[in-house]
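To keep things clear, I will list the structure first and then write my remarks on it.
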Amino acid sequence: MPGRVAVQEAAFDLGAEAAALHAGREDVGGLASFVGLCRGDGGLRAMTLEHYPGMTEAALAAIRNEAAARWPLLGCTVVHRVGRLTPGEPIVLVLTASAHRVAALESCAFLIDWLKTRAPFWKSEELPSGENRWVEAKAEDDSRAARWQR
């Protein structure tokens, strides 16, 4: 399936990624996207994302493959950043392409819900005081992901 899975420190270009996903295609009728940004809630200075190389990419690919098994996707890109990110910087990109909008939109929502709960990333917040704290899983994210259970 066209598209890519990547874990990287560098920022991504939404326009370039979207253009690459449907370049030369006339069968794509819908392209859905989600870009997650680092928020500055409570004066957050930065967030540092860590991962295990190899393991994380494999987990993202498995989630992408699950989406492709559930919806008639013609392409899918998942890019997740790691390293130190400051408020306003992009963290994650999900792009889905399908012949029809419903499949593109639903699969995009599925992917971000499962990435949020199943992708092996560890997040540490740098607070205004200079203290760092690990981000814990949220019940709300788990309940959103559970709606996709079969």
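The values are calculated or read from the model by the stated rules, or taken from the named source; none is laboratory data. Treat the numbers as computed from the prediction; the structure is a model and nothing was measured. Heads up, the Cβs are rebuilt from the backbone with ideal geometry, glycines too, and the neighbour counts pull from every protein chain shown. Heads up: the accessible areas ignore ligands, DNA and RNA and are worked out on the full protein's heavy atoms, side chains in. Shrake-Rupley method; radii C 1.70, N 1.55, O 1.52, S 1.80 Å.
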Would you kindly derive the ³J(HN,Hα) couplings of segment 79-94 from the backbone phi angles with the Karplus curve 6.51 cos²θ - 1.76 cosθ + 1.60 (θ = phi - 60°), listing them in order in whole Hz, with x for Gly and Pro? 10, 10, 8, 10, x, 8, 10, 9, x, x, 7, x, 10, 9, 10, 10
Normalised contact order of the chain, rounded percent, pairs of Cα under 8 Å and 6 or more residues apart: 33 percent
Please calculate how many Å² of accessible area the chain carries per residue, with a 1.4 Å probe and no DNA, RNA or ligand atoms counted. 53 Å²
Using amide H atoms built 1.01 Å from N in the peptide plane, name the residues 5+ places from Gly29, or on other chains, whose amide H lies under 5 Å from its own. Ser98, Ala99, His100
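Suppose R0 equals 25 Å. What FRET efficiency, 1/(1 + (r/R0)^6) with r the Cβ-Cβ distance, do Ala69 and Arg39 give to the nearest 0.05?
Values: r = 32 Å, r/R0 = 1.28.
The calculated FRET efficiency here is 0.20.
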For segment 107-150, size of Cβ-based charge dipole, Lys and Arg +1, Asp and Glu -1, in debye: 320 debye
Taking a label point 7 Å from the Cα of Lys123 along the Cα→Cβ vector, which residues of segment 42-72 have an amide N closer than 18 Å to it? 42-52, 56-57, 60
Give me the percent of the accessible area of segment 27-132 that comes from carbon and sulfur atoms, probe 1.4 Å, all protein chains in place. 54 percent
Work out the FRET efficiency for Arg144 and Met55 from their Cβ-Cβ distance, taking R0 = 25 Å, and round it to the nearest 0.05. 0.60
Cα gyration tensor, segment 84-150 - rounded (a/c under 1.5), prolate or oblate: oblate
Work out the charge dipole of segment 83-150 with +1 on the Cβ of Lys and Arg and -1 on the Cβ of Asp and Glu about the Cα centre, then indicate which of Thr86, Cys108, Ser143 is farthest towards its positive end. Cys108
Using helices alone, what [θ] at 222 nm do you get for the chain, with -39,500 (n - 2.57) per DSSP H run of 4 or more residues, divided over all residues and rounded to the nearest 500? -10500 deg cm²/dmol
Rounded to 5, the percent of DSSP beta bridges in the chain classed as antiparallel: 85 percent
